[in-house]
């Protein structure tokens, strides 16, 4: 089934918004084995819709945008008119729109009536967050889908579309995946040579992010999927931190909570980014009580009794300082595990012996402190972000006893 | 000049990467008054290029992607062949590619030769970060541009294209702008009714981000531009924190450095996000020495002597606690300005009296502590992010004496 995705709106064409809807839709379709053939962004003028609809020959045509209540929002009526299907006003939807306007205390305008216009044979996609429902309808072998633009409104409808397509095309596809940290896409791809051939009935695709990577497995056989995922897990369990819905910090907060443990961190170059990641997890207050940013040497001695000798002889960016920071924090708090980060985020401040990107870590756990040294690439933000993820992964490995 | 942007690549069509190049190119063209008419994403198959090139009628056609060294990268030769222009191998570029391969210690393959193929009459866009140069050429009234996909390689070439177009089309356009914080797009747009009409020769466009907004002014008359910007500034100076290249945290670090002042922060619900923002500014170590995350009540009493009476009677999320946190930090550090944040980031933990999104702030400066109470919308991340930006803006206003 060849697919065309058509985004409507001046906002994307003027660079005001990024077309993330395309990414979401393409990725979900991809997971059920449907290819997006081409994608288009057009302005909300009737002739633009017609020109593109005349041009394309795809079997599945998905529109996003132009479903709102203003006179500029013409996607629904224009597309319905183009295909010449019979329509009706859905009174239930109309009543729902009226209730919505009452609820937010605004008067419903006549222009909102058109949001209840649908092809006679169509599936209405309910909008729980706005007034514009989506729609799916069939016409001479073409499936036409219309979604609203706001992602929170569109995404639940996309899930409905995926269910519809799976049923209609009798797609028995199973899709799951892993999230990995501590390895990179090129290393993984090299290591996976041969692995793909052993699982010809499973589509295995990497999606690389900053400092982490996810692998999505898709197959029409649940047995084949299970087998591929089991073998993948056996091979890469050290890097796998969770399933597709997990976040690294969420997994760590979960592990800490399960073990009834408290974490505390002391940061220099990441300047609060590690603490901020952990506390972005809802419920983190049960495992995280306090943390410090010791950016200056004075702060390092003040809060953690780092010896002047260490700072003068080895410097703040050193294995010894990372060790003393983590140990010092462990002594000053009731935390079961402490982490320290000290490094050079750049772009200035590097030297030949201590270049930009050099970061030291300390982890204190069960009375023992281990240090790590890493070199990270990228700009200041990337180095800080990668150091934060590396530190989170150290905690994960420590808690997993690896 | 009507423009079509054509992105080549399976990565966008499978949802693996977001098409940020479209956003960058569209936004820069928009600033010199060139409209992007339509945008396309296609697969890297010869027939796909031909079909789209047959279809479009735009005067400026910009390709991105498919310029690399592999056999799948066919954009340059395919587009050149389509237009049937005379070509040559540029020996200087060829030598440059050889040097690049020597430098990274890899052997140059024959397939890389094609990266030196250009139309005889063309402008070569140098690639300082990769092997694939970009190109601009003219053909029967159509301007054709080919960019590589990686944004760091593409962006400098985009600036060259903008210069080329300004010269060729004799565009005397001036473009500058302001960044604002502490106000929203709908409030601004309501307030700007009438303002736009007073400046018919200036295009004024808002670009809303999380917690901030930028206004870009474009005109062919520098006098008109200056006048509009002066009037805008006079009206909204309280919200304006800088020019388009500025960041809020960068402006604050700059203000602190100028005044030789030190800042320190104590965070509860933002959990390190404020410290992390400040320390993401290169050079922040001269104005930022230390900060604390006091997530638990115990941490608040331990580090800052917050009275148990305050915590028991008013709670940690209260104006009194925010006040004592900021004051306490001021007493414990040598900072000239201290900031505290305490609130409920959600999604759980809210009560009817203290709902999710309620955040208190304290700012201590010149021996005086002022507190603020705010309600923020959104999910946990958004509430934390908006609270961080609000706190940064409090500092900015304090330092500016507003």
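Bear in mind these aren't lab numbers, they're just calculated from the coordinates by the rules spelled out. Fair warning: this is a prediction, and the values are worked out from it, not measured in the lab. Using ideal geometry, Cβ is built from the backbone for each residue, glycine included, and neighbour counts are taken over all protein chains shown.
Details
- With label points set 7 Å from Cα along Cα→Cβ, the inter-copy distances at residue A:50 are 2.9 nm, sorted shortest first.
- Comparing B:392, B:60, B:13 in a Gaussian network model of chain B, where Cα atoms under 10 Å apart are tied by springs, the biggest mean-square fluctuation is seen for B:13.
- With Cα atoms, 0 to 90° folded angle of helix B:380-399 axis to chain B main axis: 70 degrees
- Cβ crowding within 10 Å ranks B:136, B:204 as B:204, B:136, fewest other Cβ atoms first.
- Residue by residue along B:375-382, Cβ atoms of other protein chains within 10 Å of the local Cβ number 1 on average.
- Gap separating the Cα centres of the range B:208-263 and the range A:160-239, nearest whole Å: 47 Å
- Shape of the protein assembly as shown, Cα gyration tensor, a/c cut at 1.5: rounded
- Cβ-Cβ distance of residue A:231 and residue B:234, R₀ of 45 Å, FRET efficiency by 1/(1 + (r/R0)^6): the value works out to about 0.10.
- Position residue A:260, label points 7 Å along Cα→Cβ, spacing to each other copy in nm (shortest first, one decimal): 5.5
- Ordered by the number of other Cβ atoms lying within 10 Å of each residue's own Cβ, fewest first, A:73, A:44, B:226 fall into the sequence B:226, A:44, A:73.
- Listed peptides A:371-383, B:327-339 by packing density, highest first (mean Cβ within 10 Å): B:327-339, A:371-383
- Chain B, helix-only ellipticity at 222 nm - DSSP H runs n ≥ 4, -39,500 (n - 2.57), divided by all residues, nearest 500: -11500 deg cm²/dmol
- Over the range B:253-402, Cα pairs under 8 Å with separation of 6+ residues give a relative contact order of 24 percent.
- Inter-probe distance in nm under a simple model that places probes 7 Å from Cα toward Cβ, at residue A:223 and residue A:286: 4.1 nm
- Inter-label distance for residue A:351 and residue B:308, nm, one decimal - labels placed 7 Å from Cα along Cα-to-Cβ: 4.9 nm
- For peptide B:284-292, the mean count of partner chain Cβ atoms within 10 Å of a residue's Cβ comes to 6.
- Angle of helix B:319-332 to the longest C-alpha principal axis of chain B, folded into 0 to 90 degrees and rounded to 10: 90°.
- For the residues B:235, B:227, B:190, a GNM of chain B with alpha-carbon springs under 10 Å puts the largest fluctuation on B:190.
- Sites residue B:86 and residue B:50, calculated FRET efficiency, Cβ-Cβ separation with R0 22 Å, nearest 0.05: 0.65
- Using a 7 Å projection from Cα along Cα-to-Cβ, the label point at residue A:166 is separated from the same position in the remaining copies by 5.3 nm, smallest value first.
- Average partner coverage of A:36-49, which counts Cβ from other chains inside 10 Å: 4
- The long axis of helix A:20-31 is offset from the longest Cα principal axis of chain A by roughly 90 degrees.
- Sequence ranges B:308-320, A:74-86, ranked by mean other-Cβ count within 10 angstrom, highest first: A:74-86, B:308-320
- Cα centroid separation, the range B:99-139 to the range B:1-58 (Å): 22 Å
- Residue of chain A nearest the A-to-B rotation axis [by Cβ], rounded angstrom distance: A:272, 2
- Ranked by how many other beta carbons lie within 10 Å on average, peptides B:271-277, A:196-202 from highest: B:271-277, A:196-202
- Our analysis of the range B:306-402 gives Rg over Rh at 0.98, with the two radii drawn from alpha carbon positions and Rh computed by the Kirkwood formula.
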